[in-house]
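Please treat every number below as a calculation from the coordinates, not as lab data. Keep in mind that what you see is a predicted model, and the values were worked out from it rather than measured. Note that each Cβ is placed from the backbone with ideal geometry, even for glycine, and that neighbours are counted across all protein chains shown.
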Amino acid sequence: MAASEAEIHRAEAELRELLSHTYGLSAQDLTRVDAAAPLFGDALGLDSLDSMALVVALEERFGVTLQNDATTRKAFNTIGSLSKYLAALRSGRPPS
């Protein structure tokens, strides 16, 4: 079973806060970024070098260990996909 909508919403709010704090992005600008927008590239201005810092920050904030596998890499496509992935990990459900 996937994470609940409430768990996903909570994870997305925390992810947006973490992105704001870690990368100095304004919270107001982040609320304008659609959950389906690419996490890396023009929407947030993040690049591949930012990914390592993001992994460390996510592991610390969410209390999870992120694996270097295809499922995790796919989760990093958008804010929405990463929120769903993190909510599933945190709730003990295997991410899909």
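In the list (1) 1.23; (2) 0.92; (3) 1.05, the label attached to Rg/Rh (Cα atoms, Kirkwood Rh) as derived from the coordinates here is (2). Ranking of 56, 33 by neighbouring Cβ atoms within 10 Å, starting from the fewest: 56, 33.
Spin-label pair residue 34-residue 77: with each label point 7 Å from Cα along the Cα-Cβ axis, the two points sit 1.4 nm from one another.
Where the centre of each part is set by its Cα atoms, how far does the stretch 6-24 sit from the stretch 62-96, in angstrom? Centre-to-centre (Cα) distance: 13 Å.
The calculated FRET efficiency for the pair residue 17 and residue 70, based on their C-beta separation and a Förster distance of 22 Å, comes to about 0.20. Computed from phi, the 3J(HN,Hα) profile of the stretch 80-91 under the Karplus parametrisation 6.51, -1.76, 1.60 (θ = phi - 60°) reads x, 5, 5, 4, 4, 4, 5, 4, 5, 4, 5, 7 Hz, with x in place of Gly and Pro. Converting phi to 3J(HN,Hα) with the Karplus coefficients 6.51, -1.76 and 1.60 and the offset θ = phi - 60°, the stretch 59-72 yields 4, 5, 5, 9, x, 10, 10, 8, 7, 8, 9, 4, 5, 5 Hz in sequence order, with x at every glycine or proline.
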